[in-house]
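The values are calculated or read from the model by the stated rules, or taken from the named source; none is laboratory data. Please read all numbers here as calculations on a predicted model, not as lab measurements. Cβ sites come from the backbone with ideal geometry, for glycine too, and all protein chains shown count toward neighbours. The accessibility values were calculated without ligands, DNA or RNA, using every heavy atom of the protein model including side chains. Shrake-Rupley method; radii C 1.70, N 1.55, O 1.52, S 1.80 Å.
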Amino acid sequence: MAKFYPGTTKVAQNRSNFMDPDYNLEKLREVSDEGVVNILGHRAPGEEYPSAHPPLEEMDEPDDPIRELVEPLDGAKAGDRVRYIQFTDSMYFAPAHPFVRSRSYVCRFRGADAGTLSGRQILETRERDLEKYSKELLETEWFDPARSGIRGKTVHGHSLRLDENGMMFDMLRRLMLNKDTGVVEAVKNQIGDELDEPVPLGEPLDEETLKNKTTIYRKDGEAYRDDKDAVEICQRIHVLRSQGGFYPE
Amino acid sequence: MDIEIFPHRLLNTDTAERLLNDLDGLKGIKRMVIQGPRLSQEESPEHRTMILKGEEVTIQVKPGRILMEIDSEEVIEEIREKCEENLPFGYNIHVGRFIRKQKTVSDTLKYGEKLEEVSEEMVGLTDQNAQLSERAKVLKRKKEE
């Protein structure tokens, strides 16, 4: 069996689970297809996919053995535009974080391009594939409505203290906790445009579940230094990289 | 001396209002600054106004820290009591120097000859880059009996 991440702690195991494409991530909530399209905000629900080029079948492409080997994505076949979804993950025990997302995206999502920054993480691919992947990202363990945010812009908040109700700070207030139902609702799409109907995203996970599911090493959770195995591998990589780069005359 | 109340969560307007009104009852607090991440200019569902000393104050930021200038160390214990009541999720109180006390060269450049008209009490209370009127509201202190 492939080893995806070193370490013996729960955090290391969770990281491996995300990266292992054969591992089935637990589904925690239902988000409607229409809801996903609304949150992404790239097209109206029910609207045809706008295209960037004609379908591949109609295009006269040059002969190329690679084109024969690689099956194009559905979106590429149809000539969809490339669109994105971007997440911000709180440092307070969010289930995922940017580097884990990127590593896992390339393991799990074919034809998707991942971009990592310290506080946010973007996934780019053809529109109809993006919607499929986004649904998975929102419904499964990747996402917690309180500690993760879908933020196309104004992403600030991952390293701030949480709000009193446990939600991550969001200047544009896209996700709101409904006090009456206890459910988090998306009231704006990812770039902050008001939605006609709020999209329910389920209840926030409790602190204990989050600490169990998190992929973030923290001193008040599981500290990285305590994970001897992970530290050893990390140091080994550093040493080998230095020695490999050292070239005495 | 200055202290900083650092709650472990960013405060709701209601909690901040309760805490500030409670603190207002204490003697020995000279000035206070609310600091935190800026709220969006758009209308937000969370109400942005607080009633302090009976006056309505619009806040520009989400209360994250409360900086205060106090008379003496004894006040800290009283402040701690008020914090216990209002901040159940935890807080820290740090002693240090948090509010600027002197007028600076930047102030001279900003206010020119009128610098002298800026009262000592206002120094250090606002964001350097903002208009004074945008970020500060003067609440009159009740006359001492």
Segment B:2-97 - Rg over Rh from alpha carbon coordinates, Kirkwood radius: 0.95
Rounded to whole Hz, the Karplus (6.51, -1.76, 1.60) HN-Hα couplings of segment B:101-107, x for glycine and proline: 10, 10, 6, 10, 4, 4, 5
Carbon plus sulfur fraction of accessible area for the protein assembly as shown, probe 1.4 Å, in percent: 49
Segment A:48-115: relative contact order as a whole-number percent, Cα under 8 Å and 6+ apart: 29
Residues in segment B:1-19 that, when all protein chains are in place, have 50 Å² or more less accessible area than the chain alone would give (probe 1.4 Å): B:Arg9, B:Leu10
Candidate lysines - alpha carbon under 23 Å from A:Lys219, same-chain residues fewer than 8 apart omitted: A:Lys10, A:Lys211, A:Lys228
Proximal lysines relative to A:Lys77, as straight alpha-carbon distance under 27 Å, when same-chain residues fewer than 8 apart are discounted: A:Lys132, A:Lys135
Inter-probe distance in nm under a simple model that places probes 7 Å from Cα toward Cβ, at B:Arg48 and A:Asp64: 5.1
Karplus 3J(HN,Hα) series, Hz, for segment B:53-68 with 6.51 cos²θ - 1.76 cosθ + 1.60 (x for Gly, Pro): 6, x, 10, 7, 10, 8, 9, 9, 10, 7, x, x, 9, 10, 9, 9
For segment A:1-134: span of alpha carbons on each principal axis (Å, largest first): 53, 37, 26
Residue-normalised accessible area of segment B:2-97, expressed per residue, 1.4 Å probe, Å²: 50
Kirkwood Rh, Cα atoms: Rg over Rh of segment A:117-220: 0.94
Stokes-Einstein D (µm²/s) once Rh is taken as the Kirkwood radius of segment A:83-126 over alpha-carbon pairs, at 37 °C in 0.692 mPa s: 313
Segment B:28-35 - phi-based ³J(HN,Hα) in whole Hz, Karplus 6.51/-1.76/1.60, Gly and Pro as x: x, 9, 8, 9, 9, 10, 9, 10
Selection of GluC sites (Glu not before Pro), segment A:18-78, meeting DSSP coil and at most 10 other Cβ within 10 Å: A:Glu26, A:Glu47, A:Glu48
Summed buried accessible surface, chains A and B, 1.4 Å probe, nearest 100 Å²: 1400
Other-chain or far-sequence residues with amide H under 5 Å of A:Leu162's (modelled H): B:Leu10
Distance between modelled label sites at A:Lys27 and A:Thr116, nm, 7 Å Cα→Cβ extension: 3.0
Rg/Rh (Cα only; Kirkwood hydrodynamic radius) as it applies to segment A:64-176: 1.04
Solvent accessible area, Å² - A:Met59, 1.4 Å probe, full protein context: 70
Space enclosed by the convex hull of the alpha-carbon atoms of chain A, per residue, Å³: 179
Within straight-line cross-link reach of B:Lys137, lysines at Cα separation under 16 Å, skipping those fewer than 8 residues along the same chain: B:Lys30, B:Lys53
